[in-house]
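One structure is given here, and the rest of the page talks about it.
The values are calculated or read from the model by the stated rules, or taken from the named source; none is laboratory data. Remember, predicted model here, so these are calculated numbers, not experimental data. Cβ placement follows ideal geometry from the backbone for every residue including glycine, while neighbour counts extend to all protein chains displayed. What goes into the accessible areas is simple: the full protein's heavy atoms, side chains included, and nothing from ligands, DNA or RNA. Shrake-Rupley method; radii C 1.70, N 1.55, O 1.52, S 1.80 Å.
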Amino acid sequence: MFSDALGFDVATGRYLLKQGEEGEGAAYLQEFIAKGSVMAMIDMAEHLDDKGDQSASLTLMERAEASVTDDDFESRLYLAGALRRGLGAGTAQERYFRSFRLKERVAEAGHLATIREMIVNYSHGLNGAPKDSERAIYWLRKAAAFGDEKAKLILREEGLS
């Protein structure tokens, strides 16, 4: 899987929790939560939710949302995925749109894979985005500005460059 800047390894945490090493897994997560790892907070929130402790899960998700920084793309995207999976406060629809806004902020900051996702979302009205050709073109231009050759080709072919 992947790890964050603090060294928290998602695969290690999940492995320990799923292999019946709950005490060791929880200790591993707590070690990184104490360091401020948003990914560890989310994984612990998911673990607690799975165990039926929604109150503690919600508290950790609120902490994770408040702790994520603008320049931490991976944690922002990880948080967006957790919201889509049903973790966090609010209705399913509220979490869905919060997740979309998180991804859009990552795209605005220049994360090319997420920019490409925004192109598709706005082109087809997917994942919380309205179908909006002007916004899709905006994202195409942003992708092209970050060197995406396919986006440059599409803009040229459509006479939009």
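Put a dot 7 Å past each Cα toward the Cβ at Glu134 and Ala5; how far apart are the dots in nm?
3.6
Counting only protein heavy atoms and using a 1.4 Å probe, what share of the accessible area of the chain belongs to carbon plus sulfur, as a whole percent? All intermediate terms of the calculation are to be shown ahead of the outcome.
Details: 4330 of 8560 Å².
C and S atoms contribute 51 percent here.
Quick check: the distance between the Cα centres of the stretch 21-55 and the stretch 90-126, to the nearest angstrom?
26
Once you put a point 7 Å from the Cα of Lys51 and another 7 Å from the Cα of Glu21, both along the Cβ direction, what distance in nm separates them?
Roughly 1.7 nm, to one decimal.
What nm distance separates the two modelled labels at Arg14 and Glu94, each placed 7 Å from Cα along Cα→Cβ?
Taking the simple label geometry, Arg14 and Glu94 are separated by 2.8 nm.
To test your reading of the geometry: what angle, between 0 and 90 degrees and rounded to tens, separates the Cα axis of helix 73-84 from the longest principal axis of the chain?
So the inclination is approximately 80 degrees.
Cut-off 10 angstrom, C-alpha nodes, Gaussian network model of the chain. Which of Ala107, Ala143, Ala11 fluctuates the most?
Ala11
Connecting C-alpha atoms closer than 10 Å in a GNM of the chain, tell me which of Leu112, Leu60, Leu79 has the biggest fluctuation.
Leu112
Pairs of Cα atoms under 8 Å, at least six residues apart: use those to get the relative contact order of the chain, whole percent.
Relative contact order, the chain: 11 percent.
For the stretch 86-128, what's the radius of gyration and Dmax over Cα atoms, in angstrom?
11.0, 30
Which value results for Rg/Rh of the stretch 38-161 when Rg is the Cα radius of gyration and Rh the Kirkwood radius based on the inverse mean 1/r?
Using Cα coordinates only, the ratio equals 1.08.
What GluC sites (Glu not before Pro) does the stretch 120-158 have in DSSP loop regions with at most 11 other beta carbons within 10 Å?
Hits after loop and neighbour filter: Glu158.
May I have the count of lysine pairs in the chain with C-alpha atoms under 15 Å apart, counting pairs 8 or more residues apart or located on different chains?
4
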